[in-house]
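Some notes on the structure that comes next.
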Amino acid sequence: MPLLETREVAKEYHVGDHIVHALRGVSLGIDAGEFVTIVGPSGSGKSTFMHILGCLDRPTRGQYLMNGRDVSTLPPDELARVRNEMLGFVFQGFNLLARTSALENVELPLLYTRRGVVKGSERRRKAMAALEAVGLTDRADHHPNQLSGGQQQRVAIARALVADPSVLLADEPTGNLDTATSHEVMEIFARLRRERGLTIVVITHERDIAAYGSRTIDFRDGRVTSDVHHDQALAEPSLR
Ligand SMILES: Nc1ncnc2c1ncn2[C@@H]1O[C@H](COP(=O)(O)OP(=O)(O)OP(=O)(O)O)[C@@H](O)[C@H]1O
Ligand SMILES: [Mg+2]
């Protein structure tokens, strides 16, 4: 059974008196431990698809199953619970709190957990472990404006990891980074998949960034136009 599965998912937006067909029937299964990269032109439905995978939005038609359970019809609070327990998000713009240290930014998701209050000392321990996973323990006390773009994105990845999700979803995580830093960030995703078996989905505009995936899916006009599983050897460009 796939970890994540969409069945004929369609998403429509009503804008004024016309309808935007953002997704026109997408059926995809993503297995645990896959590293999926999503490419496609602007407006092709990539972010819309990721919002559905991330339980941030619901399909207009079709089903979305996580671990075989249809979550497309769950009420908002149930959907939020699934999101908090299973998913971590990384965005293009890092979305860190400016007046807050790297460590405190990473601790933040633990303040809102539904599994009860996480003690302060426990929060700090987990946040430090997450910062260690992205190689940033020496920057724990720095504020975002004292960090490079790549370091800020690594803090954001640590924040996405801290509640121990099974899936990381990243919408153009390298969109604001230079080429070398983009590759560093993708190496971190590849390592997290290798070492922890995390399931990772990354949207990107760049083919060489997409090459880090074990599988690359092309979107065009709300549909999947290609879905390619790469050889293991190809999954990590550094090994080529
Ligand atoms: N909230 C919304 N209301 C109305 N239309 C929307 C909304 N969100 C997205 N759309 C439309 O749905 C289509 C798909 O948008 P989406 O953001 O998924 O594209 P994308 O592939 O992520 O593009 P980009 O590469 O530019 O980020 C576009 O035509 C977009 O204008
Ligand atoms: Mg987008």
Practice problem: Output the residues belonging to region 73-100 that are within 19 Å of THR199 (Cβ to Cβ), outside any helix (DSSP H, G or I) and out of contact with any Cys (no Cβ under 9 Å at 6 or more places or on another chain). | Solution: GLY88, PHE89, VAL90, PHE91
Quiz item: Just a yes or no: is a residue in region 41-51 within 16 Å of ligand 2 (Cβ to nearest atom), basic (Lys, Arg) and modelled with pLDDT of 95 or more?
Solution: yes
Practice problem: Hey, could you check region 161-196 for residues that are aliphatic (A, V, I, L, M) and farther than 17 Å from TYR212 by Cβ and say which is nearest to the chain's Cα centre (by Cα)? | Solution: LEU161
Exercise. Would you mention how many residues in region 54-95 are touching a residue at least 60 places away in the same chain (Cβ under 8 Å), of a type in the set (A, V, I, L, M, F, W, C) and away from ligand 1 (no atom under 12 Å from the Cβ)?
Key: 7
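The values are calculated or read from the model by the stated rules, or taken from the named source; none is laboratory data. Values in this document were obtained by computation on a predicted structure and should not be read as measured data. Note that each Cβ is placed from the backbone with ideal geometry, even for glycine, and that neighbours are counted across all protein chains shown.
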